[in-house]
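The values are calculated or read from the model by the stated rules, or taken from the named source; none is laboratory data. None of the values given here were measured: they were computed from a predicted structure. Virtual Cβ from ideal backbone geometry, glycine too; neighbours counted across all protein chains shown. Just the protein is used for accessible areas: all its heavy atoms, side chains included, with ligands, DNA and RNA removed. Shrake-Rupley method; radii C 1.70, N 1.55, O 1.52, S 1.80 Å.
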Amino acid sequence: MKLRLAIEELHRSENHLAGALLAMSDRHKADHEIFHVARDIARWSQDHVRALADIGQEFGLDLDPEPEGDPTILEKTRQKASDLMGRSSAPGLLLLADLRHIYREASGTSLDWELLAQGAQGARKKELLELAQRCHPQTLRQVRWANGKLKESATQVLVS
Amino acid sequence: MRRTDRIADPWGTRTPYGPGEDWPTRVDSYLADGLTEDDVDRWVQSATILHSNGDGLDIAVKDDRIVGVRGRAVDRVNHGRLGPKDLYGWQANNSPDRLTKPLIRRDGELVETDWDTAMEAVVGRAKQLLDEQGPSAISFYTTGQLFLEEYYTLGLIAHGGIGTNHVDGNTRLCTATAAAALKESFASDGQPGSYTDIDHADVIALYGHNMAETQTVLWSRILDRLAGPTPPAVVCIDPRETPVARAATVHLAPRPGTNLMLMNALLHEIIANDWVDAGYVEAHAVGYEELVNRVQNYPPEVAAEVCDVPAERIREAARVIGTAERLLSSVLQGFYQSHQSTAAAVQVNNIHIVRGMLGKPGCGILQMNGQPTAQNTREAGADGDLPAFRNWSNDEHVKDLARVWNVDPMDIPHYSPPTHAMQMFRYAEEGSIRFMWVQATNPAVSLPELGRIRDVLAQDRLFLVVQDIFLSETAQLADVVLPAATWGEKTGTFTNVDRTVHLSEKAVEPPGEAKPDLEIFIDFAHRLGLKDKDGQPLVKWSTPEEAFEGWKDCTRGRPCDYTGLSYDKLRGGSGIQWPCNEEHPDGTERIYVDGQFWAAPGYCENYGRDLVTGAPLSPTEYKAMNPGGKAVLKAAEYVPPHELPSQDFPFQLITGRTLYHFHTRTKTARAPQLQKAAPEVWVEMSAGDAADRGFTEGDLLEISTPRGRVEAKLRISGIRPGVVFLPFHYGYWDAPEGREPAGKRGRAANELTLTDWDAASKQPIFKTAAAAVKRLEKADGPSPAPTTTGSRPVTEGVPPTTGGEAALATEELVSVSGGAR
């Protein structure tokens, strides 16, 4: 059974997505909505990491339940820098680049949930399927957020 | 006839009545200088503009000066009553420090100039930027205090002429969540309630709405029901012990930032006890299953922990609401300016949908407005919407608007939602917005994190135009200041929360060279040479009445249909509720009767957003979710607030309005009775918190957050422990420093609030900052906070707030048969 691989891969990509959202949040501290919402929805991925580590045990996996943290000092420095930078220069292009990155990462993660759900269905692993049904909608919301935000921000950045 | 001190008794004499009866008429009036009604030369029809209630009144004129006001007995909203702000606030119109000439900045100083020079400077800079960068450089930040005709003209100029997406109003701070919540649930703005629902309701629930202070006359109506036979039960959700809380059957005082948790628990109980109208939900709503699943995880015990409210009290509130037969709900800033505002406000709609309590007498929802003409900003497209509730993401709607305006659809920006106020300031901060025209509002006091806002507004690269009646804190930072006429000095219409449209007529001439806002906008459009597709002037009207006729055309067939209204029809009588058209020539009291919504995918104003991320739904997603145009039950998970108390900042800071002042006090502080009633900023704290620190009533405290410091005298009030409250109106225009704190401590509450907003409604959050307090000086007397309101002291020895001889107003009880004047 290759379900283990799918769980492992999702655990990795959710961890990565959480980290990417937090890093993006720190880079755009002066863009307050990005700063706060990216943190709010990074929590979803962190929650998925814990849930996957938990269910992974049943499949003989030993995954770290603690989402990869962000070193606090680095985080603060990044926030401070972006706070200062964000008020004096035009960081719009960086924002667009970050949103594109999150969109791709979250879309990939969404695809992996798709895979896991298909496998769980085939193997009749009810709990695993329920986990996918619980988590996947949140991943899709992360995708839509990046897409919506990109659409909203793009015009001003590109035409001014 | 009796004379009463309406500072000491803001709600006036009780006129009790029972369920289903007419609210008795009581005509309030106040005339200055010992004048009597016999001295008045003429009475001019208008309505109130210092809060959002929309009370009908007449302006008294003597020797071409405003000398007083009298409530309109025939008016459907107030039945003749007026609140303290209406009785005394008009005096500001006559202030000697009104702006009477345009000002322009020369060598760093604002100096007087003529209109031609001022307007050429404005138009010249706009043209230059349009050539250099295009419409993305230009922005308009308007208000909730102009008239419908003015908003519509502004929207046309900005969206249809210049083609900028950057148009919003300070209604973003007061009512954006009301609009967003209605759009989420019903896919369209417009209030499902009527004020007459108070006459019928058996339960009235006020969510974060201190109605006693924000809409005093509406609160009088509730007090009269409470004093009559078979009074309604009142449910109050507010962390302060407001007059509403003191009158309530059940009062819940949740921790700031936890409203959604509490609402989810209430819905959990309502569903668990099957207080649900299953037939209604089945026939008229989508999303019930998702709601049931979501609130399953929010039993009262969980909410009790998070909100710090006893589980039993939550159950009791749910029981009162869940077993109501005619439920009226009202929501305001306690929800709108707090964390997860849209999600929490939407749950109030959800309660009404699952209980089938819509479109019937007594079954209303009032997603309230904080400002008198906020509803018009939304309707007319001068905030983040297109006119007449057209859907920016529906190409057909844009095409239709382009037809009305005779412009190309491509010229109306609709590539993304219109830019909201906080984002406009962000764009100005990073330099891509380089022209900002502010009207009748004062962001240098009203927006969060004032230090930052002052920096943004003071930038050299930003060309700031301010159109106002006084030299406000913001005006002092402007490049050009345009003196405007105000209420009583110009004609126009405006609409209140229950969709009642009033006409407000010009009573006197504006001072000096001040001009009506409509004239200023039209002059700008002509000077800029804005044309339609056929090369004709884009703005085709020059008077308010012509603008109103233009607006009527724009509303044809839309939910806010004004086509049956006219100035003549509004003259003489009372206000009229939209929709008003051929089918409903006398207006419409209740909408959404029998579950008929305006939510069909092709017709609706909005497809909604994700309540946590704010991501808009696409037309396809909406169509799949709600093909039949039903009400939408939208669930949301609780997310903790973004700034929580810590060791360094152990308190939660909330801010709010006072009964005696309105929007940054520019008018109300110039009315002596109002100013005397609440002369200085204060800070409220609970008795336990004060005792723990050894503080006593009147101590001078410093309140600080990571963003700034404020000095205020302590009022020990009935606020919940762990929370401190600052009234948000106090700025600097009447302080020695003029426009900003002179030293390191200020007095404006927004020195302290954080920059954060609800992702769905984009309304700034003013009610969840973490704060520290320390004592600067021991008391030399009690705090100057009012004793009549939410700041009522819980300790002895504070003299009561009174207005004395100068505040004596007249009340006349008029029997119904005795006739209205």
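Side notes on the structure shown:
- Residues located in segment B:378-399, provided they are open to solvent by 10 Å² or more (accessible area, probe 1.4 Å) and among the polar types (S, T, N, Q): B:Ser393, B:Asn394
- Only one of B:Asp58, B:Asp33 that is surrounded by 18 or more Cβ atoms within 10 Å (Cβ to Cβ) and closer than 26 Å to B:Leu659 by Cβ: B:Asp58
- For segment A:150-160, the set of residues classified as touching a Gly at 6+ places or on another chain (Cβ under 8 Å) and either more than 7 Å from every other protein chain (Cβ to nearest Cβ) or within 13 Å of A:Leu95 (Cα to Cα) (or both) consists of A:Ser153, A:Gln156, A:Val157, listed by residue number.
- Within segment B:136-183, the residues that satisfy the criterion of being closer than 26 Å to B:Pro601 by Cβ and open to solvent by 10 Å² or more (accessible area, probe 1.4 Å) are B:Ala176, B:Ala180, B:Lys183.
- Only one entry of B:Lys744, B:Lys762, B:Lys767 meets the criterion of being of a type in the set (D, E, K, R), open to solvent by 30 Å² or more (accessible area, probe 1.4 Å) and more than 30 Å from B:Trp43 (Cα to Cα), and that entry is B:Lys744.
- Inter-residue pairs, beta-carbon under 8 Å, first farther than 23 Å from A:Ser25 by Cβ and in segment A:42-66, second basic (Lys, Arg), 6+ apart: A:Gly56/A:Arg4; A:Phe59/A:Arg4; A:Gly60/A:Arg4; A:Leu61/A:Arg4
- Checklist (1) part of a loop (DSSP other than H, G, I, E, B); (2) open to solvent by 60 Å² or more (accessible area, probe 1.4 Å) applied to B:Glu546, failing item: (1)
- Residue match in segment B:581-600 (condition: away from chain A (no Cβ under 14 Å), within 21 Å of B:Ala180 (Cα to Cα), touching an Asp or Glu at 6+ places or on another chain (Cβ under 8 Å) and open to solvent by 20 Å² or more (accessible area, probe 1.4 Å)): yes
Here's the yes/no breakdown for (1) modelled with pLDDT of 85 or more; (2) assigned to a helix (DSSP H, G or I); (3) more than 14 Å from chain B (Cβ to nearest Cβ):
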{"position": "A:Ile41", "(1), (2), (3)": "yes, yes, no"}
{"position": "A:Leu52", "(1), (2), (3)": "yes, yes, yes"}
{"position": "A:Gly56", "(1), (2), (3)": "yes, yes, yes"}
{"position": "A:Leu74", "(1), (2), (3)": "no, yes, yes"}
{"position": "A:Arg78", "(1), (2), (3)": "no, yes, yes"}
{"position": "A:Met85", "(1), (2), (3)": "no, yes, no"}
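- B:Arg246 vs. criteria at pLDDT 95 or above, under 27 Å from B:Glu305 (Cβ atoms) and under 25 Å from the mean Cα position of the chain (by Cα): yes
- Residues of segment B:252-275 satisfying the condition of being over 15 Å from B:Pro300 (Cα atoms) and crowded, with 18+ Cβ neighbours inside 10 Å: B:Pro256, B:Gly257
- In segment B:706-716, the residues that are part of a strand (DSSP E or B), farther than 13 Å from B:Ser783 by Cα and open to solvent by 10 Å² or more (accessible area, probe 1.4 Å): B:Gly708, B:Arg709
- Here is the figure for segment B:778-805: residues that are surrounded by 12 or more Cβ atoms within 10 Å (Cβ to Cβ) and touching a residue at least 40 places away in the same chain (Cβ under 8 Å) total 18.
- Among the residues of segment A:115-127, none qualifies, meaning not one is assigned to a helix (DSSP H, G or I), surrounded by 16 or more Cβ atoms within 10 Å (Cβ to Cβ) and facing chain B (nearest Cβ under 10 Å).
- Residue that is farthest from A:Arg39 (Cα to Cα) [pool: residues in segment B:635-664 that are away from chain A (no Cβ under 14 Å) and among the aromatic types (Phe, Trp, Tyr)]: B:Tyr660
To keep it simple, each residue is scored yes or no on (1) without any contact (Cβ under 8 Å) to a residue 40 or more places away in the chain; (2) under 30 Å from B:Ser194 (Cβ atoms); (3) touching a Pro at 6+ places or on another chain (Cβ under 8 Å).
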| residue | (1), (2), (3) |
| --- | --- |
| B:Ala485 | yes, no, yes |
| B:Gly488 | no, yes, no |
| B:Gly492 | no, yes, yes |
| B:Asn496 | no, yes, yes |
| B:Glu509 | no, no, no |
| B:Leu538 | no, no, no |
| B:Leu565 | no, yes, no |
| B:Leu570 | no, yes, no |
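- Scan of segment B:281-315 for residues that are open to solvent by less than 30 Å² (accessible area, probe 1.4 Å) and either at pLDDT below 95 or assigned to a helix (DSSP H, G or I) (or both), ordered by number: B:Val281, B:Leu291, B:Val295, B:Pro300, B:Ala303, B:Ala304, B:Cys307, B:Ala311, B:Ile314
- Of everything listed in (1) assigned to a loop (DSSP other than H, G, I, E, B); (2) open to solvent by less than 10 Å² (accessible area, probe 1.4 Å), the single unmet condition for B:Tyr622 is (1).
- Of the residues making up segment B:761-776, those that are of a type in the set (A, V, I, L, M, F, W, C) and over 16 Å from B:Gly257 (Cα atoms) are B:Ala772, B:Val773, B:Leu776.
- Exclusive hit being surrounded by 24 or more Cβ atoms within 10 Å (Cβ to Cβ), in contact (Cβ under 8 Å) with a residue 40 or more places away in the chain and outside any helix (DSSP H, G or I), set B:Gln375, B:Gln371: B:Gln371
- Residue list for segment A:118-155, restricted to those being touching a residue at least 60 places away in the same chain (Cβ under 8 Å) and among the small types (Gly, Ala, Ser): A:Gly119, A:Ala120, A:Ala123, A:Ser153
- Residue satisfying condition, being within 14 Å of another protein chain (Cβ to nearest Cβ) and at pLDDT 95 or above, within set B:Gln476, B:Gln439, B:Gln423: B:Gln423
- B:Pro135 being in contact with a helix residue (DSSP H, G or I) (Cβ under 7 Å, 6 or more places away or on another chain), under 20 Å from B:Thr486 (Cα atoms) and touching a residue at least 60 places away in the same chain (Cβ under 8 Å): no
- No other residue among B:Ala785, B:Ala759, B:Ala779 is part of a loop (DSSP other than H, G, I, E, B) and within 14 Å of chain A (Cβ to nearest Cβ) apart from B:Ala759.
- Output for segment B:717-737, where each listed residue is open to solvent by less than 10 Å² (accessible area, probe 1.4 Å) and farther than 15 Å from B:Gln652 by Cα: B:Ser717, B:His729, B:Tyr730, B:Gly731, B:Tyr732
- With respect to (1) modelled with pLDDT of 95 or more; (2) away from every other protein chain (no Cβ under 14 Å); (3) touching an Asp or Glu at 6+ places or on another chain (Cβ under 9 Å); (4) farther than 18 Å from B:Phe389 by Cβ, the lone exception for B:Val632 is condition (4).
- Where B:Met119 falls short, out of the listed (1) buried (at least 23 other Cβ atoms within 10 Å of the Cβ); (2) in contact with a helix residue (DSSP H, G or I) (Cβ under 7 Å, 6 or more places away or on another chain): (1)
- Some residue of segment B:400-416 being closer than 19 Å to B:His729 by Cβ and crowded, with 20+ Cβ neighbours inside 10 Å: no
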